[in-house]
Amino acid sequence: MKTDLIHGKMNTNGYLKYSILTGGGINKKGEPVKSEESWSDPIPCQIVTNTHNHNGKYEDGKFTVASYTVLLKKGACELTITKVSLSRHGVELGVFQVQNIEEFPKVGRIKIIV
């Protein structure tokens, strides 16, 4: 078995940044306060396309349907992230809501589906 596959080097082809929300809540007057969004530093990752097509249409234009699987080294991010920005080979793929996060401790990886 290749030792690179177990807790070792991972082939990467892109970067993931995850959304960090700070502040927000309710002020002393009972009014809602908006959260501030910032982004993590880029994390090297492996991005695999599940779905990507430009066939979506609506009355005034078109849209793209895209889904990706992202592999990261274990501990690269929290397992509670909800929104990510992906880039692959220097091309911005977009901002996506996290659909599922799964940890594989025996191989030291995290799988995120967006």
In the stretch 73-91, what count of residues is obtained for those that are surrounded by 16 or more Cβ atoms within 10 Å (Cβ to Cβ) and assigned to a strand (DSSP E or B)? 7
Looking only at the stretch 92-114, count every residue that is in a loop (DSSP other than H, G, I, E, B) and on the phi > 0 side of the Ramachandran plot and tell me the total. 1
Name the residue that is nearest to Tyr18 (Cα to Cα), counting only residues in the stretch 94-110 that are aliphatic (A, V, I, L, M) and open to solvent by less than 60 Å² (accessible area, probe 1.4 Å). Val98
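The values are calculated or read from the model by the stated rules, or taken from the named source; none is laboratory data. Remember, predicted model here, so these are calculated numbers, not experimental data. A quick note on method: Cβ atoms are made from the backbone with ideal geometry, for glycine too, and the neighbour counts reach across all protein chains shown. Protein only, heavy atoms only, side chains kept; ligands, DNA and RNA dropped before computing areas. Shrake-Rupley method; radii C 1.70, N 1.55, O 1.52, S 1.80 Å.
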